[in-house]
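Everything on this sheet refers to the single structure shown next.
The values are calculated or read from the model by the stated rules, or taken from the named source; none is laboratory data. Quick caveat, the model's predicted, so the values are computed rather than measured. Quick reminder, even Gly has a Cβ in these numbers, built from the backbone with ideal geometry, and neighbours come from all protein chains shown.
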Amino acid sequence: MNYKEKIGTKENPMVLKTPPLSSEYTMHVAEKDGKEILVCTVKSTILHYDIRCLEDLYTMLKEHGDWMELGSKDEKVETKEGTVEHWGRSPKNPIGGWYGLKKGFKGRFGMYIPPLMEALGLAEVTHEKRGNKMKAISEQ
């Protein structure tokens, strides 16, 4: 999967909305320490995610085969097992831990990655005030 061009650059990032459609944020691809990463900017807060999360999450969702609760939480908050957020920091995921890369801002995987996956045509995401879910879309 190569979605870098669609996601954009710092100068021309992709503009997204959180699953409840209540807040806007941007996402772009950058390089850090010789590795490509996703840079998520929410007002003045900047989060970094391993770009590999897109392929890994899509694969996991396809295997799961049904809707999965997002369960977005901050880094220091415990997550509910069986949620996208829990998977995004689990030692059982393909990278063996956190897809979030920036200390103190490793969480919220379930808030910011699902809308990007939806914009890229990889997943469906619900847009309720609370309790949103996502599922993989079959390959086009």
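Just so you know, in the stretch 29-44 the residues that are of a type outside the set (D, E, K, R) and surrounded by 12 or more Cβ atoms within 10 Å (Cβ to Cβ) include one that is farthest from Tyr3 (Cα to Cα), and it is Val42. Any residue at all in the stretch 25-33 that's of a type in the set (D, E, K, R) and part of a strand (DSSP E or B)? Yes, the stretch 25-33 contains at least one residue that is of a type in the set (D, E, K, R) and part of a strand (DSSP E or B).
Of all residue pairs spaced 6 or more apart or on separate chains, those with beta-carbon atoms under 9 Å, a first member in the stretch 1-21 that is modelled with pLDDT of 95 or more and a second member that is among the small types (Gly, Ala, Ser) and assigned to a loop (DSSP other than H, G, I, E, B) are Lys17/Ser23; Thr18/Ser72; Pro19/Ser72. With respect to the stated conditions, Leu21 fails to be within 17 Å of Met111 (Cβ to Cβ) and not in a loop (DSSP other than H, G, I, E, B).
Note on the stretch 80-95: residues that are of a type outside the set (Gly, Ala, Ser) and over 15 Å from Tyr112 (Cβ atoms) total 8.
Considering the stretch 83-126 alone, what residues qualify as being surrounded by fewer than 22 Cβ atoms within 10 Å (Cβ to Cβ), within 22 Å of Asn2 (Cα to Cα) and not hydrophobic (A, V, I, L, M, F, W, C)? Answer for the stretch 83-126, where residues must be surrounded by fewer than 22 Cβ atoms within 10 Å (Cβ to Cβ), within 22 Å of Asn2 (Cα to Cα) and not hydrophobic (A, V, I, L, M, F, W, C): Asn93, Pro94, Glu118, Gly121, Glu124. Cβ-Cβ contacts under 7 Å between residues 6 or more apart (or on different chains), taken from a first residue in the stretch 32-54 that is farther than 17 Å from Gly107 by Cβ to a second residue that is aromatic (Phe, Trp, Tyr) and modelled with pLDDT under 95, are listed as Leu54/Tyr3. Just one of the listed residues (Thr26, Thr83) is touching a strand residue (DSSP E or B) at 6+ places or on another chain (Cβ under 6 Å) and farther than 25 Å from Gly8 by Cβ, namely Thr83.
The residue that is surrounded by the fewest Cβ atoms within 10 Å (Cβ to Cβ), among those in the stretch 52-72 that are touching a Lys or Arg at 6+ places or on another chain (Cβ under 8 Å) and charged (D, E, K, R), is Asp66.
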